[in-house]
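These notes are about the structure you will find just below.
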Amino acid sequence: MIRIGHRGAAGLAPENTLPSIERALEVGVDMVEVDVVPLADGTLVLAHDSPAEPGNLPTLDEALAFVADRSVEVMLDVKGPGYERALVEAVRRAGLVERTLVSSCYPETVRLLGREEPGLRRGLTYPFDRLGISSRRFLRPAVRAALGTLRATLPLKIGRLLAGADASVATLNYTVISAAVVRSCHARGAQVLAWTVNDPVVAARLAALGVDGIISDDPRIVPGTF
């Protein structure tokens, strides 16, 4: 099981910061995930949304330098199109191509990242989180119904989605993961990473389904962490 800290370790320190990354390392993650967006001047920073004001945000270069000499892999959640080349250049400068997974909900962005640097592992994030499901503890019935439909149909289309993005990793919200979708991914040689899991009971259930990794605000809940 790959233990992945979400936005560093967002449940243990402020998200997408160097202290959050440090806490993730302290609790023994295998991979640390952060969000990457550009500022108006093109500087890539750690943030979930493009900020109106730069503020005191760590740059991607700073974050990659922070982990470069640590025994950990990096997952970069690319929040939008248009800065693929700059992101690849940052990863190359840090010497982390072989230790980096890039993932996005935009298939074209994933394809472009692969063309810029074929050595990068690439994931497709699904579904596009328009509903804010990653941050909601309780979902409205209509949202639960929509997710149920996605979960039922995903095993039939996940192969096409991954092929369209030229991705070898399915980065899936845990609510749409089933044993069937895990089998479909594994049949084509693709890993399954589940986001964002903050309940140890859910983490154990996903582990039993055969997912390859779990992304959590508190990576200590992931089976095998203790």
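For region 178-196, a residue qualifies if it is open to solvent by 30 Å² or more (accessible area, probe 1.4 Å), not in a helix (DSSP H, G or I) and not small (Gly, Ala, Ser), and the qualifying residues are Arg188, Gln191. Only one entry of Pro19, Pro14, Pro58, Pro51 meets the criterion of being more than 17 Å from the chain's Cα centre (by Cα) and buried (at least 18 other Cβ atoms within 10 Å of the Cβ), and that entry is Pro58. Of all the residues in region 104-125, those that are open to solvent by 40 Å² or more (accessible area, probe 1.4 Å), part of a loop (DSSP other than H, G, I, E, B) and either among the aliphatic types (A, V, I, L, M) or without any contact (Cβ under 8 Å) to a residue 12 or more places away in the chain (or both) number 1. Residues in region 197-226 that are of a type outside the set (Phe, Trp, Tyr), closer than 23 Å to Ile21 by Cα and open to solvent by 10 Å² or more (accessible area, probe 1.4 Å): Asn198, Asp199, Pro200, Asp212, Asp217, Asp218, Arg220, Ile221, Pro223, Gly224, Thr225. When residues of region 62-103 are filtered for being open to solvent by less than 10 Å² (accessible area, probe 1.4 Å), of a type in the set (Ser, Thr, Tyr) and touching a residue at least 40 places away in the same chain (Cβ under 8 Å), how many remain? Total satisfying the criteria: 1. For region 139-167, a residue qualifies if it is in a loop (DSSP other than H, G, I, E, B) and of a type in the set (Gly, Ala, Ser), and exactly one does: Ala167.
For every residue, the table says whether it meets (1) more than 18 Å from the chain's Cα centre (by Cα); (2) in contact (Cβ under 8 Å) with a residue 40 or more places away in the chain.
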position: Leu162; (1), (2): no, no
position: Ala165; (1), (2): no, yes
position: Thr175; (1), (2): no, yes
position: Arg183; (1), (2): yes, no
position: Ala190; (1), (2): no, no
position: Ser216; (1), (2): no, yes
position: Ile221; (1), (2): no, no
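Candidates are the residues of region 143-177 that are more than 17 Å from Pro107 (Cα to Cα) and among the β-branched types (Val, Ile, Thr); the one that is most open to solvent (accessible area, probe 1.4 Å) is Thr149. Arg70 satisfies every condition listed in (1) in a loop (DSSP other than H, G, I, E, B); (2) closer than 20 Å to Ile158 by Cβ except (2).
The values are calculated or read from the model by the stated rules, or taken from the named source; none is laboratory data. Since this is a predicted model, take the numbers as computed values, not measurements. As a convention, Cβ positions derive from the backbone with ideal geometry for all residues, glycine included, and neighbour counts pool all protein chains shown. Ligands, DNA and RNA are excluded from the accessible area calculation, which covers all protein heavy atoms including side chains. Shrake-Rupley method; radii C 1.70, N 1.55, O 1.52, S 1.80 Å.
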